[in-house]
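Read-outs throughout are calculated quantities, based only on the coordinates presented, and are distinct from any laboratory measurement. Just so you know, these numbers come straight off a predicted model, no measurement behind them. Here Cβ is always computed from backbone atoms with ideal geometry, including for glycine, and neighbour counts include all displayed protein chains.
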Amino acid sequence: MIELIELNRYYDTQRERFYALKDINLTINRGEFVLLNGVSGSGKTTLLTLIAGMDKPNSGIVIIEGEPIIKLPDQHLSKFRNQHIGIIFQHYNLLENLSVYDNVATPLIPMRLSLKEIDKRVKESLEIANISHKASSLASSLSGGEKQRTAIARALVTKASIILCDEPTANLDKANREIFLKILERLHKLNKTIIVSTHDPIFNDLDYITKIVHIVDGKIAK
Amino acid sequence: MKVIKIFSQLLLVLILSIIGYSIVQEDNPIEVVKGNLSYKPIPFILEKTDDTICKMLIHSYYGSSQAITKNGDTYFFNDIGCMMIWLEEQPYKESIRLWVYTKDTERWLNARLAHYTTRDKTVVGYGFGASERELKDSISFKEMRVRMLKEEHLLNPKVRKRLLKNRY
Amino acid sequence: MSSLLLNTNIAIFLLAEWIVWFVLLIAFGVTVYILKKWDFQSYTPVQYRLEKYAYLVMVILIFAFSMKFILLPYFIFTMDKISDIVPGAMCSAGVISFNHYGMKLFFIKLLILLFLMVWLMINHYDLDAKKYPWFKLKGWLYLVIFLLISVELYWDYAFFNDIDIHKVLNCCSTLYGLLEGVNPLPFGLDKTRLLILFYLLYIMIVLSTFGKQYFILSIGLILFTIIGYYSVLYFFGTYIYQMPNHNCPFCMLQKDYYYIGYLLWGSFIGGLFLGVTTIIANLVLGIDIQKLKILMVLLFTQFIVICSLYVAIYYIQNGVFLEPVKVEMVM
Amino acid sequence: MEKSVSSPFIRFLLLNFFSEKSKQVTVILFSIIIIFILSSVLFISSSIHHSIKEALQAQPDFVIQKMRGDKQIDISERVSDELIEIPSISKVTPRVYGRYFIKPLGKSFLVVGVDFFDVQSHRALEKLIDSTNLNNFFKMRDNMIIGRGVKRWMDANHYDNNLTFFTPKGKSITLKAFSTLPKESALVSADMIIVPIDTARKILGVSKRKVTDFVFNVPNVLEWEIVTIKVSALDYDLRVINKKESYKAYSEYFDFKGGFFLSMFLIVLVSFSLILYQRYSQLYSIERRQIGILRALGWSIRDTLKLKFFEALLVVFISYAIGVLLGYIFVYIFDAPILKNIFLGSFNIEIEPTFTPVVDIFLLSSIFLLYALPFIASVLIPVWKIATTNPKEAMV
């Protein structure tokens, strides 16, 4: 499903070459629930951006759903990301000036769907993330938990098979974390491949995690 | 689909044949005769040759003239004035042979040697008539050319008034 | 520097052309940089940046195409406006024939519009394909376009600067300076044969478009350009002006003919442009674009209908066809 | 409003555009001012061109004068008999006119003597003459028809209804104002005074058998060239001026002003586009993040380009529409109080021409080309730069 072969990502400074990721080899099958553990700055986020095709590695191959995405021109890469990958960011990244409904509808616009079709899908994902009661209120007026749930709804609306979460629970209080985990569990049951990069211990004792990957200084530690 | 293909090919053949037929059968008047390296005046066919400057068919040899460039292109003019206007636009003026049809001896003469009267009734109306012998108030080729370029010819009303005394 | 350049309309026109050229200069620099460094297989960040620059070139060219598309009718309008000042010229046809730049300028503007349309078409399909197959082709084509546009800019300036508003000028009736006795129609055709060819070519173009015979289509288009232009000039135009001897392509663009010229020439040139684009798409890129073909046929049909309508209406009203009077060169 | 829009993209565009108005307001305001000035100037100059054409339409086609050196001298009347003989000429009419200075080096009027009995070739005068009652005007020797400018000057300086002229020989003639010239030709005939031909001769000191110039019409425009040649052949010192040349002189005069304004406007334009370039690149951080998010969600560069480009176009069209509207109102309803003087300031008599609205697609596209094209050109690069933000920005 997701194959990373010999991935390297480095940044050249005047003095030396700093390796954000070094020789990453990883295979994730469909429906897995993967946990990326590591101190912040260990390269977790870089790995997520590479999987989502938002950044290009300096060498190595990334194959998702059988498609090598490194060499894809932007138009195809964006379309691929739009249809296959849903992302939940650490700082939610909602469009503050738009309503929840419009925020969740944003990823559907490049798909050139009709308004009716968009409306159906948005309502559906709002239900899953149980935030439909706030559909018409502005994103800036939401609480942290509500924002996170809008972000989840936005990630689901494109029916993407892969969900990437970058430190999803970092800014949530205890109660909202529980709600978030319950939603994740429901997604897992929908056979979606979920990758969560976090150092929040709450995830460690979940029973449905299939793989834990420890990343130390850009390398996968066994 | 096959029928369309055949039919359009047929149409192509028909169109090309019409065009071919018309091109062959077309006989436009000549404007220039190329390759006249002998630099001799050509007895051109009247009613079938055009003057390049005033764009008219030449109806008689009387008053007409020819110019032959270095590479043998021969142009025809029905009035000496037109030839001067044409000459002005050409490079290497010295290398161009100019022939005029003299009115007195009715033969082709080198324009630079001819004498020109200024009150003739010519086709376009510039009024320059070429003659072999020097007549009463005829002028040289150089003087004629300058007058032509200064527009001191019969088409200029002021000049016509001075020369012909009648009004217009 | 002729005082004409101070005329507001000309100043605006030249300013607009200059700005478009300046923006295209930037795209030129970027394209040269891209063509030098482009290597699709390489992984270097430079290569990824090149892809972004390609989008800049695309944006600039879309901007250039739309502006040039507006500037062409504006050019004709400007000449119409200054035809009051230029002595003797009755319509923009007179002005355009003022010096040798006029006609050349007009054709190069059409050519540029055609090339820009072809470039945009290639770009559209280049982005769709996964490996940027025609990336270099786009770059080289743009270099040619930029060269043409620079020539156009120079000719623009030279044309207006060269108009000496005191020299008396003849208008479009003597514009075409035909030698007496010479048959004005191409290939030695006479009126009836010209018309037969006009309709036959139209049918052939339509058939060969759907028959996917692009070789025949290209011949058809070339012939139709010539035959179409002359038929409008020497046959249909006289019905629009209802004057047998008025053979002028520009006068129908004026108000008193309800700007029919724009619709007529627009559909004619539009059809030709789309035809050329379809041929290039099929022969060079090997893609068959259904949309373009249908639009092309529609435009040509519209062109044919407008022309024939004018003749039909005239015949219905007056029961007789227009017979051009033989003009004797009376001296 | 949101629900009605058909395509989701446009809906998103409008939502996004109108939700953060603060960013766009400054650019829109600035553009509106620029278009307002630009459109009023172009409206004025096109109305002036129109009214010149209108006024000149009424002028006779040809004017013949006798010129010795640079001085125009009077023509003897016999020339008109020769003129009539030339086939394509119609309505040959003598005219006696000249400038009369009320106060030395001060106000001056154009005194025009007209003979009412042969058909007047000055079409505007014709219209006027038809409306006035011929008999009683001609009956009293001391009548005159005055231009609108003259009328205003007379009211301002308490000449109730008549004016005294002093002939070169010192005799004084007082004339009563009979009626005023029509409004349309105000631009050309503002400071004109029309009197019977003999009175004009007396005022201007023109001898009996002489006239200032001749006017005539040549209906068939194609004949103009040949007629000019034939007429100039009559005498060596005849000068033939046709209507087109006077139109050219007038329009060149106003073109010069238009051109002058345009070069001034060019400076404004350059500074405007620099500000735009900087303005669109400067509000970088907020927009970068937004585009980063969109790109992360799967928007391709073409989509974000389209979004940003249409946003700029929205700004252009809103400010274009409002600016042109304001310009139209200012010029055609309020009669462009200040701007008008720049264009007409130089006439020695302050005239009050109302501008006839002449707005056609050509004018609107001129305004578009002068404003929108530079706007978009200067915004191209910043828009592209923002639209190609790397999606990675969203993760930071």
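Each of C:Ser231, D:Ser271, D:Ser19 was scored by other Cβ atoms within 10 Å of its Cβ. Arranged with the fewest first, they read D:Ser271, D:Ser19, C:Ser231.
Using R0 = 60 Å, the C-beta based FRET efficiency linking A:Glu6 and D:Ile318 works out to 0.65. Residues considered: C:Gly319, C:Gly237, C:Gly102. Largest GNM mean-square fluctuation over chain C, using C-alpha springs under 10 Å, is found at C:Gly319. In plain terms, the bigger the Kirkwood radius, the slower the diffusion; for chain D, with that radius from Cα pairs, at 10 °C and 1.306 mPa s, Stokes-Einstein puts D at 62 µm²/s. Taking Cα atoms only, the orientation of helix A:74-84 departs from the longest principal axis of chain A by about 60 degrees.
The angle separating the long axis of helix C:101-128 from the principal Cα axis of greatest extent in chain C is about 40 degrees. Using the Karplus relation 6.51 cos²θ - 1.76 cosθ + 1.60 with θ = phi - 60°, the per-residue 3J(HN,Hα) values for the stretch A:96-103 come to 4, 7, 10, 6, 4, 4, 5, 4 Hz, with x marking Gly and Pro. Could you sort out which of B:Lys161/D:Lys248; A:Lys79/D:Lys392; D:Lys53/D:Lys248; C:Lys130/C:Lys293 sit more than 20 Å apart by Cα distance in this structure? Where the Cα-Cα span goes over 20 Å, the pairs concerned are B:Lys161/D:Lys248; C:Lys130/C:Lys293. With respect to chain A, whose longest principal axis is taken over its alpha-carbon atoms, helix A:174-189 is tilted by about 80°.
With a 10 Å cut-off around each Cβ of A:97-110, the average count of Cβ atoms from other chains is 5. Taking the Cα centre of the protein assembly as shown as origin and assigning +1 to Lys and Arg Cβ atoms and -1 to Asp and Glu Cβ atoms, the resulting dipole is close to 880 debye. Peptide A:65-73 has a mean of 3 when you count, residue by residue, the C-beta atoms of other protein chains within 10 Å of its C-beta. By other beta-carbon atoms within 10 Å, ranking A:Lys56, C:Lys212 with the fewest at the front produces C:Lys212, A:Lys56. If you take the Cα centroid of the stretch A:94-142 and the Cα centroid of the stretch D:40-73, the two points sit 67 Å apart. Of all lysines in the structure, those lying under 22 Å Cα to Cα from A:Lys134, and not within fewer than 8 positions of it along the same chain, are A:Lys116, A:Lys120, A:Lys123, A:Lys147, A:Lys159, A:Lys174, A:Lys182, D:Lys3.
Extending 7 Å from the Cα toward the beta-carbon at both C:Leu295 and C:Phe210 defines two label points whose distance is 2.1 nm. Among A:Thr169, A:Thr198, A:Thr13, the largest mean-square fluctuation in a Gaussian network model of chain A, built with springs joining Cα atoms closer than 10 Å, belongs to A:Thr13. The label point for B:Glu151 and the one for C:Val284, both projected 7 Å from the Cα toward the Cβ, are 5.0 nm apart. Using a cutoff of 8 angstrom between alpha carbon atoms and counting only pairs six or more residues apart, the relative contact order for chain B works out to 15 percent.
As an equivalent ellipsoid, chain A spans semi-axes of 29, 21, 17 angstrom, where each value is the square root of five times an eigenvalue of the C-alpha gyration tensor, largest first.
Given a Förster radius of 41 Å and the C-beta distance between A:Asn171 and A:Thr13 as r, what FRET efficiency does 1/(1 + (r/R0)^6) yield to the nearest 0.05? Efficiency for this residue pair is about 0.85. Take each residue of peptide B:14-20, count the partner chain Cβ atoms within 10 Å of its Cβ, and average: the result is 5.
Between the amide H of A:His214 and those of A:Asn37, A:Ala221, distances stay under 5 Å, these residues lying 5 or more places away or on another chain, with hydrogens modeled in the peptide plane.
Restricting attention to the protein assembly as shown, close to 70% of DSSP beta bridges with both partner residues there are antiparallel. Determine the shape class of chain C: with a ≥ b ≥ c the square roots of the Cα gyration tensor eigenvalues, call it rounded for a/c under 1.5, and otherwise prolate if a/b is greater than b/c, oblate otherwise. Judged from the Cα gyration tensor, chain C comes out oblate (a/c at least 1.5, b/c at or above a/b). Per-residue 3J(HN,Hα) values for the stretch C:16-32, derived from phi via the Karplus relation 6.51 cos²θ - 1.76 cosθ + 1.60 with θ = phi - 60°, read 4, 4, 5, 4, 4, 5, 5, 5, 5, 4, 4, 4, 5, x, 5, 5, 4 Hz in sequence order (x marks Gly and Pro).
Computing FRET efficiency as 1/(1 + (r/R0)^6) for D:Ile173 and D:Asp115, where r is the C-beta to C-beta distance and R0 is 22 Å, gives about 0.80.
The ratio of the alpha-carbon radius of gyration of the protein assembly as shown to the globular-protein estimate 2.2 N^0.38 Å is 1.25.
One compactness figure for chain B is 1.42, namely its Cα radius of gyration divided by 2.2 N^0.38 Å.
Amide H contacts of D:Val114: D:Val195, D:Ile197, each under 5 Å away and 5 or more positions distant or on a separate chain (H built 1.01 Å from N in the peptide plane; Pro and chain starts excluded). Note that the stretch C:144-157 has calculated 3J(HN,Hα) couplings of 5, 4, 5, 4, 4, 5, 5, 4, 4, 4, 4, 5, 3, 4 Hz, one per residue in order, obtained from phi through the Karplus relation 6.51 cos²θ - 1.76 cosθ + 1.60 (θ = phi - 60°); glycine and proline are x.
The residue among B:Ile42, B:Ile85, B:Gln66 whose Cα reaches farthest toward the positive pole of the charge dipole of the stretch B:32-164, with charges on the beta-carbon of Lys, Arg, Asp and Glu, is B:Ile85.
Relative contact order of chain C, taken over Cα pairs closer than 8 Å and 6 or more residues apart, is 16 percent. Our note on the geometry: Cα centres of the stretch A:1-26 and the stretch D:272-306, 29 Å apart. Take the Cα of A:Arg30, step 7 Å along the line toward its Cβ, and report every residue of the stretch A:53-91 whose backbone nitrogen sits under 13 Å from that point. Only A:65-66 pass the distance filter. Projecting label points 7 angstrom from Cα along Cα→Cβ for C:Lys136 and B:Ile42 puts them 5.0 nm apart. Here the residues A:Glu96, B:Glu134, D:Glu82, ranked from fewest to most Cβ neighbours within 10 Å of their Cβ, fall in the order B:Glu134, D:Glu82, A:Glu96. Each peptide in D:42-49, C:39-46, B:40-47, D:229-236 receives the mean, over its residues, of other Cβ atoms within 10 Å, and ordering these scores from highest gives D:42-49, D:229-236, B:40-47, C:39-46.
A DSSP coil position with no more than 14 other Cβ atoms inside 10 Å describes the following trypsin sites (Lys or Arg not before Pro) in the stretch A:99-189: A:Arg112, A:Lys159. Where both bridge residues fall in chain D, DSSP classifies roughly 75% of the beta bridges as antiparallel. Taking max minus min of the alpha-carbon positions on each principal axis, the stretch C:177-318 gives extents of 47, 33, 27 Å, largest first.
Here the relative contact order of chain D, from alpha carbon pairs under 8 Å that lie six or more residues apart, stands at 28 percent.
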